[in-house]
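Worksheet: one structure, shown below.
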Amino acid sequence: MQEIQYIGEHLGPRYVGHLALLIAFFAAFLSTVSYFIGTRFRDERLYGGKWARLGQLSFLVHGAAVFTVIGTIFYAMLNQYYEYNYVSSHVSGDLQQRYIFSAFWEGQEGSFLLWMFWHVILGYVLMVTARKFERPVMTVIASVQLVLASMILGVHFGFGDYLVKIGSSPMLLLRETIAAPIFQQADYVSLLKGSGLNPSLQNYWMTIHPPTLFLGFASTIVPFSFAIAGLWLKDHKGWLRPALNWALFSGGILGIGILMGAAWAYEALNFGGYWAWDPVENTSLVPWLLLIAGIHTNLIARATGQGIRATYMFYLGTFVMIIYSTFLTRSGVLGDTSVHAFTEMGLEAQLLFFLLFYVFLSIGMMAYRWASVPAPEKEESVSSREFWMFVGSLVLFMSAALMTGATSLPVYNEIRQYFDPVFDGIVLTDPEEHHNRFQIWIGIFIGIISGVAHFLRWRERDFSKHYKSFLLHTGGAVAGTVLMGWLTLQWIDAGPWQYKAMLFSGWFAVITNLDYLIQFARKDTKVFGSSLSHIGFGLMLLGILASGANKRIISNNQFLMEGLSADDELKRTTIILIEDEPMVMENYELTLRGDTIDGYNRTYFVDYRKMDAAGRVIEEFQLEPNLLYDKKFENIAITNPSTKRYWDKDIFTVIMSLPAEEQSIKEKEAKEDSLQYNVYNLAVGENLVFKDTLEIRQPDTFMVRPFEMELTNFSRSPRHPDYVAEAGDIGVSASVNVSRYDADTTFPAQVALVLREGLLYHYPAQINEISTRVKIDESIFSQLLVPEDSLNYQEIKVKPGEQFKFGDLDVTLRRFQPQPKVDHYQSVEGDIAVSAVLDVTQNGEPVAELQPVFIIRDNSPSRVRDENRKLGLYANLVNLDPQTSEATLLVAQSEARGEISVPIAVATKSDRSDWLALQAIEFPGINLFWIGTIAMMLGLLINMVLRIREKRRRATAA
């Protein structure tokens, strides 16, 4: 069979990208080997130096290749080359350019490249700054890059019938990944449309959260690499200083990345909070906890020599847990238990190798060097600050272990079911309750320990001279904690005694560390960073208690929810808002003001009016919760909340339900098909009374309801709020007034019917107040449409002021009218339109005026015919010579027809669809959580900066 020569494929990015992937892989391999040999022969300056130099050059080439791959993918995405599988899967024509970065790292391949990008940047920095540790550190980083590069290599080879797949390349063409009949067409590229970005990721947080989080993930390799270097070189103390600075950086950035994820969840998801104990959330938090524990033992090790082994294990464990989280999220083992998990891409074996290799490397290095790691014989005193810092690190480790155990249940179930297929598996029925039950004690202990450990610094000086000051500050801290705790209880309800203990712990951490900061910051600037982080931790505990334990659902109106949902909890916590109908919710009055649709995004506008006890309005604001439909408008992809922020609370509002026909176009079509329409023929100005029956609860009992309807206007141009004109449309519209006997209001309705490319599109009107639906019946076109090919047109050329004879009619071209306002043409922005005003007389008497229209829309010419039914006269303006002002007309005449009788279809049992079910939640004190967490991360980064400055100052002084 002859090979198909495809038309329109852009293969340049494919060739460049594949070549760059291969270079990245082999350059990482060469860099790993070279740096390894350079480290192995580090004492042979010339020989080892040559290998180290080769390692540097190889890594530089590797980095350039990674940048090239990333640039190539972005190029294909920006140009919407849908023949590439990765582009087709993540980009679409309607995707806003600001989300192109989100689309890049939405897929597994893009996120791997993002990870590699940060490793390259970090590697370049370490090549300059790591000095004697450069070779072993870069050996580790290059080896990780080698493994990551294999994930996107996309090389397949076989042994007999067995196919080996190494990685999944982002440069594959769509026709190479799936078999479909479309690829039998040479021009298949012109038929492709992209799938686009997941709607939940079309949020500004998804532009900045992933790169920040991945920088945090990537940066954990640096403390890990220094730990490996320390074990490799047997320099068990020299590695601690550089590792500490990098650990502080990594802790700050990774924490900020996690915090951004919490902010995204709070602003973009509808579960009502910022942390849901999702498995992927947990696996990102666990490495951070281990890293913070390692920072504290690192400080202990540098101060006293104690805890070096623990520091090794914490830093090694941090990166191993990063790989473990990668395995969980990318292997498919989590299934549907997490909203963050990637879909499977056949890399499970490679991911498992990635994990096991660095697990055994870490264990092996620790076991090999265990005996050589210094461990002072004298243990720290229980009354020393370092002892309690170490205890705090163990508490953090315990928190990480508990979290990992619960999150790893899917892994345990997979292993257990492999050996025991009938095993049902263990599942946490309420993950939030499970984690909260244990983690609350972690928070309490850490809060208290962070205060106690600082007070123990008084023992570093001559304690006998300062014990009074020590007692004063300690007593003041306890008294201040009790006072602030009591004041807080006047604001929020702390609930059970465990929460009160958490309240005490939070304030104790804040007050003791603030006191410590004031006392010692001027003498030791590094105190500022640590104290700020600990103060932030205390504020975070208070914020969690206030916003979590005290969050209050204020949308309570069970009566209105009856019949809407079988979910009892939803009934109790959700209210229905009907458009323009005020609804009271506690001390708020809510009114739904309408909605708008922009692309796939539908935004609702809800007015809030806050009232005092006397019913006076004291505040007004509007919230705009929205939702995104999928590309076929068949489902709601995601609902996004809207929040009113105060300094002391948030009012969080989210859409919980809509009428079925507003959720899906299929449901709308099904409802339309289920309605029973009656058709009434009306002339403009005609009034009609008709009756309908309504069945009531008693058997065989009906209520007769009279309706009145008037046709007030009819136009041969479609006009409707939802109608968007397109070239070639043929349509009509009508204005109707409808009233019912039991309603003292007449309701106007605008309806339209459009014929577009052989398909009919209805634009009905739903009159919700009387549950009535109105539309124009399709039979209107049997009165209107006279096929062009059935008319015997005559071409006539005429100038303004000239007259021509057509049968017994005299027709005069009076003038040309730019941008005409006529009922058979509806202008669209950008149209260039002109009509020919034709005066028609018969026997000297004026009988009609026609205005055929010539249009240029989107650089394409078209025309709109005008007609007179009584005369059977039809006219088209087909050309206009701007030089001579001569118009070319096509004029025809057929049998005369009577006035149009417009068929109006009415369904009087159409349930209203102008409502939504809304949930509103009050989060008191949530800003304490955000301020506290930000302070924690800033404290880590500030401490890093201060230590770097101190190092430079010492180097300058030396």
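I need every pair where a residue in the stretch 216-240 that is at positive phi and surrounded by fewer than 24 Cβ atoms within 10 Å (Cβ to Cβ) has its Cβ under 6 Å from the Cβ of a residue that is part of a helix (DSSP H, G or I) and hydroxyl-bearing (S, T, Y), sequence separation at least 6 or different chains.
Partner pairs satisfying both residue conditions: K234/S372.
Of these, E414, E386, which one is closer than 30 Å to S150 by Cα and outside the structural domain of H156 (by the TED database)?
E414
Listed here are the residues, each with its yes/no results for (1) open to solvent by less than 30 Å² (accessible area, probe 1.4 Å); (2) of a type in the set (D, E); (3) in contact with a Leu (Cβ under 6 Å, 6 or more places away or on another chain); (4) under 30 Å from Y499 (Cα atoms).
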| position | (1), (2), (3), (4) |
| --- | --- |
| N413 | yes, no, no, no |
| F419 | no, no, no, no |
| E432 | no, yes, no, yes |
| H435 | yes, no, no, yes |
| W441 | no, no, no, yes |
| I444 | yes, no, no, yes |
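Quick one: how many residues across the stretch 13-47 are open to solvent by 40 Å² or more (accessible area, probe 1.4 Å), without any contact (Cβ under 8 Å) to a residue 24 or more places away in the chain and not acidic (D, E)?
Total satisfying the criteria: 9.
Restricting to the stretch 100-127, and then to whatever is among the β-branched types (V, I, T) and at pLDDT 95 or above, can you tell me which residue is farthest from the chain's Cα centre (by Cα)? Spell out how you get there, then give the answer.
The initial filter retains those residues of the stretch 100-127 that are among the β-branched types (V, I, T), namely 100, 120-121, 125.
Cutting the leftovers down to at pLDDT 95 or above gives us 120-121, 125.
Numbers: V120: 27, I121: 27, V125: 32 Å.
Only one residue fits best here, namely V125.
List the number of the failed condition for K50; all other conditions in (1) open to solvent by 70 Å² or more (accessible area, probe 1.4 Å); (2) without any contact (Cβ under 8 Å) to a residue 24 or more places away in the chain; (3) under 22 Å from V155 (Cα atoms) hold.
Condition (3) is where K50 drops out.
Here are I942, I948, I900, I931: which of them is of a type in the set (V, I, T) and closer than 30 Å to V689 by Cβ?
I900
Which residue pairs have Cβ atoms closer than 8 Å, lie 6 or more positions apart in sequence or on different chains, and pair a first residue in the stretch 139-150 that is not assigned by the TED database to the domain that holds L30 with a second residue that is open to solvent by 20 Å² or more (accessible area, probe 1.4 Å)?
none
When the residues of the stretch 145-197 are narrowed to those that are over 32 Å from the mean Cα position of the chain (by Cα) and part of a loop (DSSP other than H, G, I, E, B), which ends up nearest to V33 (Cα to Cα)?
Ranking the qualifying residues of the stretch 145-197, first place goes to G160.
Scan I308, I323 and give me the residue that is more than 17 Å from Q108 (Cα to Cα) and of a type in the set (V, I, T).
Working: I323 fails: more than 17 Å from Q108 (Cα to Cα).
Going through I308, I323 in turn, the sole match is I308.
If H18 satisfies all but one of (1) farther than 30 Å from Q96 by Cβ; (2) part of a helix (DSSP H, G or I), what's the number of the condition it fails?
Evaluating H18 over (1) farther than 30 Å from Q96 by Cβ; (2) part of a helix (DSSP H, G or I) leaves (1) as the failure.
Do we find a residue being surrounded by fewer than 16 Cβ atoms within 10 Å (Cβ to Cβ) and more than 20 Å from E895 (Cα to Cα) anywhere in the stretch 864-876?
Within the stretch 864-876 (the criterion being surrounded by fewer than 16 Cβ atoms within 10 Å (Cβ to Cβ) and more than 20 Å from E895 (Cα to Cα)), the answer is no, since none of the residues qualifies.
For the stretch 714-816, which fully contained strands (runs of 3 or more DSSP E) count at least 1 residues that are surrounded by fewer than 14 Cβ atoms within 10 Å (Cβ to Cβ) and not assigned by the TED database to the domain that holds F690?
794-798, 803-806
Can you tell me which residue among G272, G317 is modelled with pLDDT under 90 and either open to solvent by 10 Å² or more (accessible area, probe 1.4 Å) or part of a loop (DSSP other than H, G, I, E, B) (or both)?
It is G272.
Would you point out which residue out of V853, V878 is of a type in the set (V, I, T) and within 11 Å of Y825 (Cβ to Cβ)?
V853
If you check V822 against the conditions, is it of a type in the set (V, I, T) and within 16 Å of F804 (Cβ to Cβ)? Please lay out each step first, then the result.
Details: of a type in the set (V, I, T): yes; within 16 Å of F804 (Cβ to Cβ): no.
So V822 does not fit the description; no.
Do the conditions hold for G485, that is, is it free of Cβ contacts under 8 Å to residues at least 60 places away in the same chain, surrounded by fewer than 15 Cβ atoms within 10 Å (Cβ to Cβ) and more than 15 Å from A935 (Cα to Cα)?
no
From P170, P210, P136, grab the single residue that is out of contact with any helix residue (DSSP H, G or I) (no Cβ under 6 Å at 6 or more places or on another chain) and at negative phi.
The unique qualifying residue is P210.
Criterion first (at pLDDT 90 or above, open to solvent by less than 30 Å² (accessible area, probe 1.4 Å) and more than 30 Å from N587 (Cα to Cα)) does L623 satisfy it? Give the derivation first.
Values: at pLDDT 90 or above: yes; open to solvent by less than 30 Å² (accessible area, probe 1.4 Å): yes; more than 30 Å from N587 (Cα to Cα): no.
For L623, the condition - at pLDDT 90 or above, open to solvent by less than 30 Å² (accessible area, probe 1.4 Å) and more than 30 Å from N587 (Cα to Cα) - is not met.
Can you tell me which of (1) open to solvent by less than 20 Å² (accessible area, probe 1.4 Å); (2) under 26 Å from the mean Cα position of the chain (by Cα) is the one Q97 doesn't meet?
The number of the failed condition is (1).
Say we look at the stretch 634-688 and pick out the residues that are open to solvent by 70 Å² or more (accessible area, probe 1.4 Å) and in a loop (DSSP other than H, G, I, E, B); which of these is nearest to V902 (Cα to Cα)?
The qualifying residue nearest to V902 (Cα to Cα) is V684.
The values are calculated or read from the model by the stated rules, or taken from the named source; none is laboratory data. Please read these numbers as outputs of a predicted model, since none were measured by experiment. Here Cβ is always computed from backbone atoms with ideal geometry, including for glycine, and neighbour counts include all displayed protein chains. These accessible areas exclude ligands, DNA and RNA; they are computed on the full protein's heavy atoms, side chains included. Shrake-Rupley method; radii C 1.70, N 1.55, O 1.52, S 1.80 Å.
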